[in-house]
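Worksheet for the structure shown next.
The values are calculated or read from the model by the stated rules, or taken from the named source; none is laboratory data. Nothing here was measured: the structure is a model prediction, and the numbers come from that model. Positions of Cβ are generated from backbone atoms using ideal geometry, with glycine treated the same way; all protein chains shown enter the neighbour counts.
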Amino acid sequence: MAGDTGALSPAIKVAALCGSLRKGSFHRGLIRSAIELSKGDIKGMEIEYIDISPLPMLNTDLESNGTYPPEVEAFRQKILAADSVLFASPEYNYSLTAPLKNAIDWASRPPNVWAGKAAAIVSTGGSSGGAKAQYHLRQVGVFVDLHFINKPEFFLNAFQPPAKFNTDGDLIDEEVKNKLLKLLLSLQQFTLRLQGKA
């Protein structure tokens with residue numbers, strides 16, 4: 001695995017969102033692995049997991065004179081403070097999950113706090129590895145003005161031997177960790193380019 005990559009780059013803050021609410025989710029495991037990589041193999045990147053489970057379903061009746069429920073406002077402020085976003089997006093019925101879409105919609109309410117940020121997606125699942133959900137998420141990103149990296153793409157068949165995750169949902173495959181590292185480095189460099197720092 002690479003070491004000290006990006007040591008001279010300014011620090012960037014990454015908000016990591018998981019579209020699955022399941023405790024043992026493989027997608028949560030991918031985020032945990034990304035956080036570990038950011039602490040050991042990538043310099044100048046801080047990844048924070050943002051829990052979307054407390055968010056109510058989007059209902060504009062909950063808005064009042066431009067203010068939002070406390071849990072929504074706290075979430076929006078986390079996104080606003082981030083330089084870029086890492087989505088761990090499962091695929092449900094050929095698309096992204098309801099909790100993830102709900103979070104995206106809340107943060108897009110005026111003022112849209114996604115606008116201008118770099119983003120990347122990781123997905124795992126069956127044979128397609130979540131590809132269809134990723135492409136739907138990219139379409140949503142166009143409207144909310146997110147800028148997704150194009151390469152590398154990260155689709156992972158979680159059920160093809162050898163085992164990729166342990167029973168707690170932790171990523172244990174070193175080859176996959178290296179692929180995740182490459183995606184994070186690409187996100188870092190793309191974020192810095194968007195900010196005019198690279």
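Out of curiosity, is Val85 under 28 Å from Leu185 (Cβ atoms), outside any helix (DSSP H, G or I) and touching a His at 6+ places or on another chain (Cβ under 9 Å)?
Details: under 28 Å from Leu185 (Cβ atoms): yes; outside any helix (DSSP H, G or I): yes; touching a His at 6+ places or on another chain (Cβ under 9 Å): no.
The answer is no for Val85.
Restricting to the stretch 19-53, name every residue that is part of a helix (DSSP H, G or I) and polar (S, T, N, Q).
Going through the stretch 19-53, the residues part of a helix (DSSP H, G or I) turn out to be 26-40.
Within the stretch 19-53, Ser33, Ser38 meet the criteria.
(1) at pLDDT 95 or above; (2) exposed (fewer than 15 other Cβ atoms within 10 Å of the Cβ); (3) within 29 Å of Lys164 (Cα to Cα): which one isn't true of Leu96, the others all being true?
The single condition Leu96 does not satisfy is (2).
Among all residue pairs at least 6 apart or on different chains, which show Cβ distances below 8 Å where the first residue, located in the stretch 169-187, is surrounded by fewer than 20 Cβ atoms within 10 Å (Cβ to Cβ) and the second is outside any loop (DSSP other than H, G, I, E, B) and charged (D, E, K, R)?
Cβ pairs passing all conditions: Gly169/Arg28; Asp170/Arg32.
Which residues, counting only those in the stretch 145-154, are surrounded by fewer than 18 Cβ atoms within 10 Å (Cβ to Cβ) and closer than 13 Å to Leu30 by Cβ?
Correct list: empty.
Just the residues that are touching a residue at least 40 places away in the same chain (Cβ under 8 Å) and assigned to a loop (DSSP other than H, G, I, E, B), please, taken from the stretch 118-158.
Gly130, Leu146, Ile149, Ala158 - these are the residues of the stretch 118-158 that are touching a residue at least 40 places away in the same chain (Cβ under 8 Å) and assigned to a loop (DSSP other than H, G, I, E, B).
Can you name the residue in the stretch 109-144 that is charged (D, E, K, R), closer than 20 Å to Ser84 by Cα and surrounded by fewer than 19 Cβ atoms within 10 Å (Cβ to Cβ) and is also nearest to the chain's Cα centre (by Cα) among such residues?
Arg138
In a strand (DSSP E or B), surrounded by fewer than 17 Cβ atoms within 10 Å (Cβ to Cβ) and either in contact with a helix residue (DSSP H, G or I) (Cβ under 8 Å, 6 or more places away or on another chain) or not β-branched (Val, Ile, Thr) (or both), is that true of Glu73? Even if it seems obvious, please write down each step before you answer.
Details: in a strand (DSSP E or B): no; surrounded by fewer than 17 Cβ atoms within 10 Å (Cβ to Cβ): yes; either in contact with a helix residue (DSSP H, G or I) (Cβ under 8 Å, 6 or more places away or on another chain) or not β-branched (Val, Ile, Thr) (or both): yes.
When the stated conditions are applied, Glu73 does not pass them.
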